[in-house]
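Some notes on the structure that comes next.
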Amino acid sequence: YVQPTVFKGHNKMRIFQEEIFGPVVSVTTFKDDDEALSIANDTLYGLGAGVWTRDANRAYRFGRAIQAGRVWSNCYHAYPAHAAFGGYKQSGIGRETHKMMLDHYQQTK
């Protein structure tokens, strides 16, 4: 069992660069919107992301610019179970978790 944990650091730390599934969150600072987007997209993964802001235009811009399968605004991991979902980059098991996507990793005898 892992206690819920908050990691504070910088974007080059391993905890920021990998998909961690557990009760953890990584926190860092940024100077402006451009640096925030750069940090958000500087990873091999892109399953999901969250943006918290009072500015609707910023939420829209970040939602379009962040390279993730889903970007939530002012909430996280809230979506209908039937909603289409696909990660970006090396996240997930292909689009929509389709079994055909696994063919890339196997060889039929």
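None of the figures in this text is laboratory data; all of them are computed from the coordinates on show. A quick note: this is a predicted structure, and the numbers were derived from the prediction, not measured. Cβ sites come from the backbone with ideal geometry, for glycine too, and all protein chains shown count toward neighbours.
Couple of notes before you dig in:
- Amide H contacts under 5 Å for Val51, placed H, 5+ residues apart: Trp72, Ser73, Asn74, Cys75
- Loop-located chymotrypsin sites (Phe, Trp or Tyr not before Pro) in region 8-78 (DSSP state other than H, G, I, E, B) with a sparse environment of at most 12 neighbouring Cβ atoms within 10 Å: Phe21, Trp52.
- Label-point gap, in nm, between Asp55 and Lys8 - each point 7 angstrom along Cα→Cβ: 2.5 nm
- Each Lys or Arg adds one and each Asp or Glu subtracts one; over the other residues with Cβ under 13 Å from the Cβ of Phe16, this totals 0.
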